[in-house]
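Engineer: First the structure, which I've put down as structure tokens, then a few questions once you've had a look.
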Amino acid sequence: MITPLKILILEDLQTDVELVKYYANTIQRKCIFAEAKSKNSFHCVLDEFEPDLIISDYQLDGYNGLRALEYLKSHRPDTPLIIITGTLGEDLAVQIMKKGASDFLLKKNISSLPASIVRTLREVEEKKKNEEAEKIRKELFEVSVDMIGIADIDGYLKVINPAFEKTLGYSNSELLNKPFIEFIHPEDVKSTKGVLFGLVNGIPIEGFENRVQCADGKYKWLEWNINQKGRKLFCNGRDISEWKKAQKKLNKSENFNKDILTSLTSQIVVINRSGVIIEVNASWDKFALENGVVDLNKTSKGSNYLEICRKAIEKNDPISREVYDGIISVFEGRLDCFEIEYPCHSPTEKRWFILRANLFESDANLLVVSHSNITDLKQAQQLILEMNDELEERILQRTSQLEIKNKEITDSINYARRIQKAILPSEKYLQAQIPNSFLFYSPKDIVAGDFYWVQSIDDHLMFAVADCTGHGVPGAMVSVICNSGLNRAVHEYKIEDPGKILDMTRNLVIQEFEKSEEEVKDGMDIALCVLKENKLSFSGAHMPLLIIRNGACIEIKGTKQPIGKFEPTLPFESHEIELKKDDIVYLYTDGIIDQFGGEYGKKLKAQVFKSVLLSIQALDMKQQGEFIEQFFLDWKGELEQVDDVCLLGLKI
């Protein structure tokens, strides 16, 4: 539940106090007000009321907004203050902002107060979040068990947290007074420089491991994540020494267990460092006999496995060279395990095997070598590759067909857009008929259900905005029928009264839909005006007319029924208005007020929209149109547009 906003108004004119309350109450949050008219009352109310926001007149009787701001900064520095003034010179504006005011407004622009309040509260909330985040970052920096530091591009640490000293045992000065590369294990220096070179070229370091010398002369394994920003390196490291030991022990255990499990089906030999075979399983000898070996003394227990490899190498067998080098690497500790897949075809079939070599448990002088038949696996892999190729070809064909269909559909919709554009008044025609005006028209899709309509007949100017059922292609089809109905009502039937125009348009639209075998209840909402000199006639179907006059918004509602089938059917009511100089007339569809957006992703709503219109009355009509369009885009943000939007404004 959102708590009410507590606003303290520092103002000695009651009329201005009421004006501030009026505009403040237009924001989407309940407001509670307190008033102060002098220095003493301001100090008293400030302590008792504890406001969330202060709105102060600049010039008061014996006091002013700057003095109030100075007092506020010493007593409630986090409370924002907005200053309102009748006149504002450049020097005063600079002085107000330097003193720390959140915003300032001219009284003639008081309609901008709601936007100023919302912006100020958002800035206060963001400041609180940033301060809290900074506090948390500092706490994390100090208590983190991970090493966190900042280094320069030359490798000197500039800032480190206590975890550096705790992990490595050096003092702060010892770590900061020489390049960190000097602490790295000699065997890891080259790889460390390599990743640092990549970092300079835009490649961040993630999960890099190296050994770092501690104060006691021992080395610890550390894992690093490093990012560069400008000439600074932001480092995060953690001690993984115990994890590395556990991982090595686990790998040895897993490899040994794997050897035991595969011994049932694989050909297994155990050899010593010299290559002598000291043990074989039954599968080893059986395989040899089945594949042409007559004398097992040459391949079984007592023979030399490495010698067999060397003889094959002399015959230029590349697989034997890899096997020989791999076994030596495992014996010498450069590899924990060696694996290689190789073909071993017989005269009657193609076969593939995988060779694995790893130390026998923890004995560094014995090696287990296993040969496993993986022919079925290789054949399955080949079958999958062939099926994938076939499937990929089918997908490409289907994708091509869909692209063609999609292009045909898109071309048809674009053609429909050209047709719809042709029935809408051009911008040139619109400006010729209504010079002091603007139009904001934003379809949700390529074509729209919203449309605008302008006709000049004799000394009458007729204009309207309409919202047909749906949007996109269905809405556009309905809009063509409704647009035609309007044109027939004024040209064929010579009707000038807006209510009667809508009555006739409804009849014509229903007649068109009744030609269908199915019942069609589509139609439109519309706001229609007929202007003759300064007399404006208005009639609406579910749509209002807005008139801004002398800073106030006048709303005339339309009849609560659409153009189309509706029960009960009533005549559309016409309203007569005598316009005055500088009146501004607005017609709009509901797409703009139904749009989700803003800070909380909610609908704009009519009340906020009216406040926006009131706030831009100092702009000319072209500027108003540009402002509304940008406001709509900012409000919508990254959210999807929910409906077509059409807004027409004209100044008398």
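Engineer: At 1.4 Å probe radius, can you tell me the per residue accessible area of the chain in Å²?
Structural biologist: That works out to 57 Å² per residue.
Engineer: While we're on this one: I need the shape label for the stretch 493-573. Rule: rounded when a/c is under 1.5, else prolate if a/b > b/c, else oblate, with a, b, c from the alpha carbon gyration tensor.
Structural biologist: It is prolate, given that a/c is not under 1.5 and a/b is the larger ratio.
Engineer: Also: Measure nothing fancy, just the Cα-based angle from helix 318-331's long axis to the longest principal axis of the chain, in degrees from 0 to 90, nearest 10.
Structural biologist: 90
Engineer: Continuing with the same structure: Helix 189-200 versus the longest principal axis of the chain: what angle, 0 to 90°, nearest 10, using Cα atoms?
Structural biologist: With both axes taken from Cα atoms, the answer is about 20 degrees.
Engineer: Hey, another quick one. Going from most exposed to least, what order do 398, 76 have by accessible area with a 1.4 Å probe?
Structural biologist: 398, 76
Engineer: Still on this model: Could you work out how far apart the two model spin labels at residue 344 and residue 141 are, taking each label as a point 7 Å from the Cα in the direction of the beta carbon, and quote it in nm?
Structural biologist: It is 6.2 nm.
Engineer: Please give the peptides 497-509, 280-292, 542-554 ranked by average Cβ packing (other Cβ atoms within 10 Å per residue), highest first, as a rough proxy for protection.
Structural biologist: So the order, starting with the most tightly packed, is 497-509, 542-554, 280-292.
Engineer: Work out, step by step, the length gained on full extension between residue 418 and residue 124: first 0.36 nm times the residue separation, then minus their alpha carbon distance; give nm to one decimal.
Structural biologist: 100.9 nm
Engineer: Please give every one of the lysines within straight-line cross-link reach of residue 407, meaning a C-alpha to C-alpha distance under 30 Å, and leave out same-chain neighbours fewer than 8 residues apart.
Structural biologist: Partners found: 421, 444, 636.
Engineer: According to the square roots a ≥ b ≥ c of the eigenvalues of the Cα gyration tensor, what is the shape class of the stretch 473-622, taking rounded for a/c under 1.5, prolate for a/b larger than b/c otherwise, and oblate for the remainder?
Structural biologist: oblate
Engineer: Can you pick out the pairs among 6/73; 37/107; 602/622; 107/603 whose Cα atoms lie more than 20 Å from each other?
Structural biologist: In this structure, 602/622; 107/603 exceed 20 Å between Cα atoms.
Engineer: For the residue pair residue 276 and residue 582, what label-to-label distance in nm results when each label sits 7 Å from Cα along the Cα-to-beta-carbon direction?
Structural biologist: In this crude spin-label approximation the distance works out to 11.3 nm.
Engineer: Okay, moving on. Shape call for the stretch 1-72 from the C-alpha gyration tensor, a ≥ b ≥ c root eigenvalues: rounded (a/c under 1.5), prolate (a/b greater than b/c) or oblate?
Structural biologist: Note, shape of the stretch 1-72 comes out oblate.
Engineer: OK, next. Let me check I've understood the local charge: for residue 100, count other residues with C-beta under 15 angstrom from its C-beta, Lys and Arg +1, Asp and Glu -1. What total comes out?
Structural biologist: Local charge sum for residue 100: +2.
Engineer: Please list, or write none, the lysines whose alpha carbon is within less than 22 Å of the alpha carbon of residue 500, excluding same-chain residues fewer than 8 places away.
Structural biologist: 521, 532, 535, 557, 560, 565
Engineer: Each residue of the stretch 165-178 in order: what ³J(HN,Hα) in whole Hz does its phi give by Karplus 6.51 cos²θ - 1.76 cosθ + 1.60, θ = phi - 60°, with x for Gly and Pro?
Structural biologist: These are the phi-based 3J(HN,Hα) values: 5, 5, 6, 9, x, 8, 7, 4, 5, 5, 7, 8, 9, 8 Hz.
Engineer: Given a 1.4 Å probe and every protein chain left where it sits, what share in percent of the accessible area of the chain is carbon and sulfur?
Structural biologist: 53
Engineer: Same structure, new question: Please give the helix 113-143 orientation as an angle from the longest Cα principal axis of the chain, in degrees from 0 to 90, rounded to the nearest 10.
Structural biologist: Taking Cα atoms only, the helix is inclined about 20 degrees.
Engineer: Under 30 Å Cα to Cα from residue 248, which lysines show up? Leave out anything in the same chain fewer than 8 places away.
Structural biologist: The reachable lysines, counting only those whose Cα sits under 30 Å from residue 248, are 166, 190, 193, 218, 220, 258.
Engineer: Now, a different point. At 0.36 nm per residue, and after removing the present C-alpha to C-alpha distance, how many nm does the segment from residue 314 to residue 294 gain when stretched out fully?
Structural biologist: 5.0 nm
Engineer: A further question follows. Candidates (1) 1.10; (2) 1.03; (3) 1.20; which is the computed Rg/Rh (Cα atoms, Kirkwood Rh)?
Structural biologist: (3)
The values are calculated or read from the model by the stated rules, or taken from the named source; none is laboratory data. Worth saying up front: this structure is predicted, and the values here are computed from it rather than measured. Neighbour counts are summed over all protein chains in view; Cβ atoms, including those assigned to glycine, are modelled from backbone coordinates with ideal geometry. Note: accessible area is taken over every heavy atom of the protein model, side chains too, but ligands, DNA and RNA are not part of it. Shrake-Rupley method; radii C 1.70, N 1.55, O 1.52, S 1.80 Å.
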